[in-house]
1. Based on DSSP H runs of at least 4 residues, each adding -39500 (n - 2.57), what is the mean residue ellipticity at 222 nm of the chain after dividing by all its residues, to the nearest 500 deg cm²/dmol?
2. Alpha carbon centre of segment 153-206 versus segment 236-286: separation in Å?
3. In nanometres, what is the gap between the two model label sites at residue 306 and residue 323, each 7 Å from Cα along Cα-to-Cβ?
4. How much length would be gained if the chain were fully extended between residue 176 and residue 130, taking 0.36 nm per residue of separation minus their Cα-Cα distance, in nm to one decimal?
5. Could you give the distance between the Cα centres of segment 39-57 and segment 93-135, to the whole Å?
6. How compact is segment 58-196 by the rule of thumb for globular proteins, expressed as Cα Rg over 2.2 N^0.38 Å?
7. Rounded to two decimal places and with Rh computed the Kirkwood way over Cα pairs, what is Rg over Rh for segment 227-335?
8. If I compute semi-axes √(5λ) of the Cα gyration tensor in Å from the structure I just sent, which labelled value in [x] 31, 23, 20; [y] 36, 20, 18; [z] 26, 23, 21 lines up?
């Protein structure tokens, strides 16, 4: 039995990457899937070329304008769900390629576990396939989401594990779960919309798992890196706050409050002492925006909490302490300058 899967791919000025992704999908050996490619108002000839792509069970949708990752993907999910033929949708970034069997074990596991609504794949760096790019998300007790396993050897993270959140670069979603919990919140537009959706799923009683047998190769935010600026970095901070506040139960928030406050002052004091003034400005600006939208925040939070089924204790135990991750980030970026900050 091979239930039908709709693979959703969003293109935005990424024609070369998208074509590479489609070529890898032509080698997939799962026998029952379709591919829906949506263009988000790209300039140039992206839409024209993709509309003529020749592939079995392929269709193209022109969104005409940039709806963000959330809105763009939602249009594809809505098409698949309206038709009612597909038991699952698989969200796949256009800057990825996949192993031929990436769908088989994923669907097989979901079929055996009816309360699993989210299945995250093992994402390896495209240019260095011996290193993990993402093995799902960790939720930290400071309210942050962190890429699990990033930079670790491919030999690690080889066990299935329940998580609180998953990355939408490569994730299987159960259609009837989406009917229950809703789709991406389009106010996020781009960045952390996947944390919000998958964390919401867990809070509302579904399981989110990481399955290492499903493998993909990711070029990592190819389109985002090209357009990163103050506005996008600010949005990332605001969205991260929203994804946490919308979905974390009050008991967990109270227990986490000392860590949230500690992180707040660590960012401010550390930023000033080490000359990261842009980071401090964006951090404070994001808090100000969140406070301005507090009525919307509480309204959306009320919806999730009114449908809460997961225990607060389950969510609390699944978190990780933020300090080791913060110190590593601080060391790599501020002290040894191993890589650039997202604020640069």
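We did not get these values from a lab; they are worked out from the coordinates using the rules stated. These numbers were taken from a predicted model, which means no experiment stands behind them. Note: ideal-geometry Cβ built from the backbone for every residue, glycine included; neighbour counts use all protein chains shown.
1. Details: 13 runs with 152 residues, N = 344.
Using -39500 (n - 2.57) per qualifying helix, the result is -13500 deg cm²/dmol.
2. Cα centroid to Cα centroid, the span is 22 Å.
3. 4.0 nm
4. 13.0 nm
5. What the calculation gives is 25 Å, centre to centre.
6. Working: Rg = 15.3 Å, N = 139, 2.2 N^0.38 = 14.3 Å.
It is 1.06.
7. Details: Rg = 15.4 Å, Rh = 15.5 Å.
On the Cα set of segment 227-335, Rg over Rh gives 0.99.
8. [x]
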